[in-house]
Structure formats: structure tokens, C-alpha cells
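The values are calculated or read from the model by the stated rules, or taken from the named source; none is laboratory data. Note that the coordinates shown come from a computational prediction; the quantities given were computed from them, not determined experimentally. Here the Cβ positions follow ideal geometry from the backbone for every residue, glycine too, while neighbour counts run over all protein chains shown. The accessibility values were calculated without ligands, DNA or RNA, using every heavy atom of the protein model including side chains. Shrake-Rupley method; radii C 1.70, N 1.55, O 1.52, S 1.80 Å.
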Amino acid sequence: MMEFIRPEQYLPRKSHISDVNKYGIGLIGCGSIANSAHLPAYRKYGLRIAACCDVSEEAARATAEKFDIPFWTTDVNELLEREDVAVIDMAIHPAPRLEVLRQISKAPRPVLCQKPLDLDLEHAKVLSEEASRLGITLGVNQQARWAPAHMALKLVLEQQLLGDIYSIHHHMRSFQDQAGWWWTKMNHFNIVDHGVHYVDLCRYFNPTGQEWSRVHCTTAQLKEQNAIDPLIYSANVEFGPKGGRNPLMAALHFNNIAKANRSHGNTWWVDGTEGSAWCTQDTLYMALTKHKNVVHEIKLKGSWFPDAFAGSMLAFITSIDQGTQPPVTPEDNLQTVAMTTAMVISSQEGRVVEREHLLKGSEQG
């Protein structure tokens, strides 16, 4: 079994890029995620950071000093004047993204935008359409796809070791109800911001190529929690036509208010006609029907933070280098944002929500 999954297959790599040094990265947004994940990942994998920019002079200067970035500024236009900036890492909150995209259009560069494209589906559509109109190559940094565990599971699915896939199940337990943090004040945080990782992965692991069609989501909220909205959700996802006889179903359950640390975990289960695979963040397991009473266990190298952030950027640069579409296009991400939108509506109104009704004539995928 070991020969099927090797670290060089699921860890980030730059071997497909002709000359990685010519793709200097211009970072826009020097906040906590850039400093704790983006920049450590780029440094670990030898990517060149040409410049950084933030509306806060203190943040821009401190980030440049910490990561030996040769140029910093508070003006996006100054960053765009630099010829060594070949790729933009847009690590800013959704609200200013449209205006920044329009600034970038004056000196266009490929842009990798922080996930999701936008928390609001209609705003996400506008960003997608505007990037296309401005001629900007735009990718979305759904970096969880490049977490080693998720890449390893994807490899198993691509090799069709499990036969025809009929069930995808995600179960996560954690605690994120710390008083005073920004996410406790965000509407529907556990679905539209944090949960978007797992919604996107649900689509990513689907090997049929068929988009989700219907969602039913329930939530629960404690009386004394700090967060303004529920931190528990459970969603059933249908792929294909109505009727409960589809070849693939998915279930996502997330409890983000479990206080007992020893109960925390993050596990994906995928079942097929020839076996099952499941993974935590450090181990991949597989049980195949042809190997009765045997569970293959593979300890994985690397971790989501920071490796997945390098994987996302390297895959984006590879697509630029090879002249192909970004690995996560705006059109792709709209399908994920549509699902989080459907989950919020479903949880509020107590009904099933259909994808085609949300997208209203957009590309049906």
C-alpha cells in the first residue's frame, strides 16, 4: 500500500515551474494570517517575496523586517510599479477586494485571493465578473485542498482504489468561542468563513464531476456562548437530481463549541464499492474489500499550517507558468460560496435549498 502514497506526491513542490525565482510575490495585506501562514510557508519552500503592502505603515514595516522583504509600502500603486512583482497575494478581507482589483488592473498581475472569493454570493459574482472584465487572472486560495492529509486522500480517490464513491462524510470537533475574538462577532462565521474549508473539500473530493444540487442544514446555539451565531452545524448534501436515489451523498458535521480538548478531532470518511478511506490531519487509513481484515495505515508528513499555503501558491504559479487555468477559479469558488449561502438559508428557514435557484442563470457547473 505504501507505494501508492509517497510524501513527494502530497507535499508542495515546485519542480513543475520553469524558474520559480522569476515569480516574485507582492503581498497585499500584512495581517495575522499572512504573518502566521502565508509568509512562513513561502520562506519554507524558497519562494521569493518581492514586496509587501498594508494600509497600516506599522504592519507593513514590521512584516518586511520580520521576513526580510526588500520593499514595503502603504500604497498598492507603489507595489505595482515594481517589475520584480510578478504575482499578487491578496490577503485582505473581502470588503476592499473590488477596489484593490481595480487598482491592480492598471498594471495587471495574476492575483491569488484569500478564501473565499467573498462571504456574500452576490458580491462574489461581482468580483468574478470584474476580474474577467479587467483581464486579471484570478485564483482563490482555498488552501485546505493542499493540506497533506487532504492531498493524500485526493490521491487515493484519483487512483480509484475505492471503486465507485457513494458517500463522503466529514466530522469535526473543536472550540472557537473565545471571548473578544473577531470571529465571535461575525454573522454565520462557522459556516461562511471557517466552514467554507470543509464545504469546498466536500466538492473537491467528489470524483463524479457532478455539482451539488440540494442542501439541508441544521444548527444549534448555546445560551451562554460568546459567538453571535451558531457554532454547530450539520448539513446533508445531494449531488444529482431530486429523489434520494443519487449515486453520491455527503454529510458535514461541525461542532465548534466542544470544550473538552481531548474530544477534538477532524476526520474525513469516504466510502466506495471497493473499500473505505478515512483521514485525520496526520494519518491516512484505508480498508479495501480485497484485503479482508486489513487496515492500511499511513503516517503523513507535513501539516496544514504552513504547507497548504505553499501548496496553493505553488499550484497557482505553476498554472501561470504553464498557461493553464488557476487550480481554483472564481467560477469554481462560486459553487462553494453558493453552498455556504444555501446552508445559512436552510438553517434559518428550515428547508432544503437548491443550487440552481441561488445561481440564477450563472454557469451551472
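Would you check if Asn293 is farther than 24 Å from Ile88 by Cα, at pLDDT 95 or above, outside any helix (DSSP H, G or I) and polar (S, T, N, Q)? Outline the logic, then answer.
Values: farther than 24 Å from Ile88 by Cα: yes; at pLDDT 95 or above: no; outside any helix (DSSP H, G or I): yes; polar (S, T, N, Q): yes.
No; evaluated as a whole, the condition is false for this residue.
Could you say which residue among Asn190, Asn261, Asn246 is within 22 Å of the chain's Cα centre (by Cα) and either of a type in the set (S, T, N, Q) or surrounded by fewer than 20 Cβ atoms within 10 Å (Cβ to Cβ) (or both)? Talk me through it step by step, then tell me what you get.
Details: Asn261 fails: within 22 Å of the chain's Cα centre (by Cα); Asn246 fails: within 22 Å of the chain's Cα centre (by Cα).
Selected residue: Asn190, the only one of Asn190, Asn261, Asn246 that is within 22 Å of the chain's Cα centre (by Cα) and either of a type in the set (S, T, N, Q) or surrounded by fewer than 20 Cβ atoms within 10 Å (Cβ to Cβ) (or both).
Name the pairs: first residue in segment 21-48 and of a type in the set (S, T, N, Q), second residue assigned to a helix (DSSP H, G or I), Cβ to Cβ under 9 Å, at least 6 apart or on different chains?
Once the first residue is of a type in the set (S, T, N, Q) and sits in segment 21-48, its partners that are assigned to a helix (DSSP H, G or I) give Asn35/Ala59; Asn35/Ala62; Asn35/Thr63; Asn35/Lys66; Ser36/Phe305; Ser36/Pro306.
Out of Glu354, Glu331, report the one residue that is in contact (Cβ under 8 Å) with a residue 60 or more places away in the chain and touching an Asp or Glu at 6+ places or on another chain (Cβ under 6 Å).
Values: Glu354 fails: touching an Asp or Glu at 6+ places or on another chain (Cβ under 6 Å).
It is Glu331.
Please go through segment 45-81 and give me each residue that is in a loop (DSSP other than H, G, I, E, B) and touching a Gly at 6+ places or on another chain (Cβ under 7 Å), ordered by number. Don't jump to the end; show me each part of the working.
If we filter segment 45-81 for residues that are in a loop (DSSP other than H, G, I, E, B), which is where we start, we get 45-48, 54-56, 67-71, 74-75, 81.
Matches in segment 45-81: Arg48, Asp54.
In segment 99-115, is there at least one residue being within 26 Å of Leu39 (Cα to Cα), of a type in the set (Asp, Glu) and buried (at least 18 other Cβ atoms within 10 Å of the Cβ)?
There is no residue in segment 99-115 that is within 26 Å of Leu39 (Cα to Cα), of a type in the set (Asp, Glu) and buried (at least 18 other Cβ atoms within 10 Å of the Cβ).
Consider only pairs whose beta carbons are under 7 Å apart and that are at least six residues apart or on different chains; among these, list those whose first residue lies in segment 313-328 and is of a type in the set (Val, Ile, Thr) and whose second residue is surrounded by fewer than 16 Cβ atoms within 10 Å (Cβ to Cβ).
Between residues of segment 313-328 that are of a type in the set (Val, Ile, Thr) and residues that are surrounded by fewer than 16 Cβ atoms within 10 Å (Cβ to Cβ), the close pairs are Thr318/His16.
Name every residue in segment 154-178 that is open to solvent by 30 Å² or more (accessible area, probe 1.4 Å) and part of a helix (DSSP H, G or I), in order of residue number. Lay out the reasoning, then the answer.
The first filter runs over segment 154-178 and keeps only residues open to solvent by 30 Å² or more (accessible area, probe 1.4 Å), leaving 154, 158-161, 164, 166, 169, 171, 173, 175-176, 178.
Listed by number, the residues that qualify are Lys154, Glu158.
Does segment 269-278 contain at least one residue that is open to solvent by 30 Å² or more (accessible area, probe 1.4 Å), among the acidic types (Asp, Glu), out of contact with any Gly (no Cβ under 8 Å at 6 or more places or on another chain) and at pLDDT 95 or above?
There is at least one residue in segment 269-278 that is open to solvent by 30 Å² or more (accessible area, probe 1.4 Å), among the acidic types (Asp, Glu), out of contact with any Gly (no Cβ under 8 Å at 6 or more places or on another chain) and at pLDDT 95 or above.
Test each condition in (1) in contact with a Phe, Trp or Tyr (Cβ under 8 Å, 6 or more places away or on another chain); (2) on the phi < 0 side of the Ramachandran plot for Gly302 and report the one that comes out false.
It fails just one condition, (2).
Could you tell me which residue of segment 131-145 is surrounded by the fewest Cβ atoms within 10 Å (Cβ to Cβ), considering only residues that are outside any loop (DSSP other than H, G, I, E, B) and over 20 Å from the mean Cα position of the chain (by Cα)?
Looking at residues that are outside any loop (DSSP other than H, G, I, E, B) and over 20 Å from the mean Cα position of the chain (by Cα), I get Arg133.
Taking segment 40-58 as the region of interest, how many residues are touching a helix residue (DSSP H, G or I) at 6+ places or on another chain (Cβ under 8 Å) and either under 20 Å from Ile104 (Cβ atoms) or of a type in the set (Val, Ile, Thr) (or both)?
Residues of segment 40-58 that are touching a helix residue (DSSP H, G or I) at 6+ places or on another chain (Cβ under 8 Å), as a first pass: 40-42, 44-49, 51-54.
Those left that are additionally either under 20 Å from Ile104 (Cβ atoms) or of a type in the set (Val, Ile, Thr) (or both): 42, 47-49, 51-54.
So the answer is 8.
Can you find a residue in segment 175-189 that is of a type in the set (A, V, I, L, M) and either at pLDDT below 95 or farther than 21 Å from Thr341 by Cβ (or both)? Let's see the steps before the verdict.
Step one: filter segment 175-189 for residues of a type in the set (A, V, I, L, M), giving 179, 186.
Checking the rest, the ones that are also either at pLDDT below 95 or farther than 21 Å from Thr341 by Cβ (or both) come to 179.
Yes, that holds for at least one residue.
In contact (Cβ under 8 Å) with a residue 24 or more places away in the chain and surrounded by 19 or more Cβ atoms within 10 Å (Cβ to Cβ): is that true of Ser128 in this structure? Don't jump to the end; show me each part of the working.
Details: in contact (Cβ under 8 Å) with a residue 24 or more places away in the chain: yes; surrounded by 19 or more Cβ atoms within 10 Å (Cβ to Cβ): yes.
It is true that Ser128 is in contact (Cβ under 8 Å) with a residue 24 or more places away in the chain and surrounded by 19 or more Cβ atoms within 10 Å (Cβ to Cβ).
Please count how many residues of segment 199-243 are among the β-branched types (Val, Ile, Thr) and open to solvent by 20 Å² or more (accessible area, probe 1.4 Å). Step through it out loud before you land on a result.
Here is the first cut: in segment 199-243, the residues among the β-branched types (Val, Ile, Thr) are 199, 208, 215, 218-219, 228, 232, 237.
From the residues that got through so far, the ones that are open to solvent by 20 Å² or more (accessible area, probe 1.4 Å) too are 208, 218-219, 228, 232.
Final tally of qualifying residues: 5.
Quick one: would you say Leu300 is surrounded by 14 or more Cβ atoms within 10 Å (Cβ to Cβ), among the aliphatic types (A, V, I, L, M) and modelled with pLDDT under 95? Outline the logic, then answer.
Details: surrounded by 14 or more Cβ atoms within 10 Å (Cβ to Cβ): yes; among the aliphatic types (A, V, I, L, M): yes; modelled with pLDDT under 95: no.
Against the criterion (surrounded by 14 or more Cβ atoms within 10 Å (Cβ to Cβ), among the aliphatic types (A, V, I, L, M) and modelled with pLDDT under 95), Leu300 does not qualify.
Hey, can you tell me all the residues within segment 7-33 that are out of contact with any Ser or Thr (no Cβ under 6 Å at 6 or more places or on another chain), closer than 19 Å to Leu80 by Cα and open to solvent by less than 40 Å² (accessible area, probe 1.4 Å)? Walk me through it before giving the result.
Taking segment 7-33 as the starting set, the residues that turn out to be out of contact with any Ser or Thr (no Cβ under 6 Å at 6 or more places or on another chain) are 7-15, 18-29, 31-33.
Right, trim to closer than 19 Å to Leu80 by Cα and you get 21-29.
Scanning segment 7-33 gives Tyr23, Gly24, Ile25, Gly26, Leu27, Ile28, Gly29.
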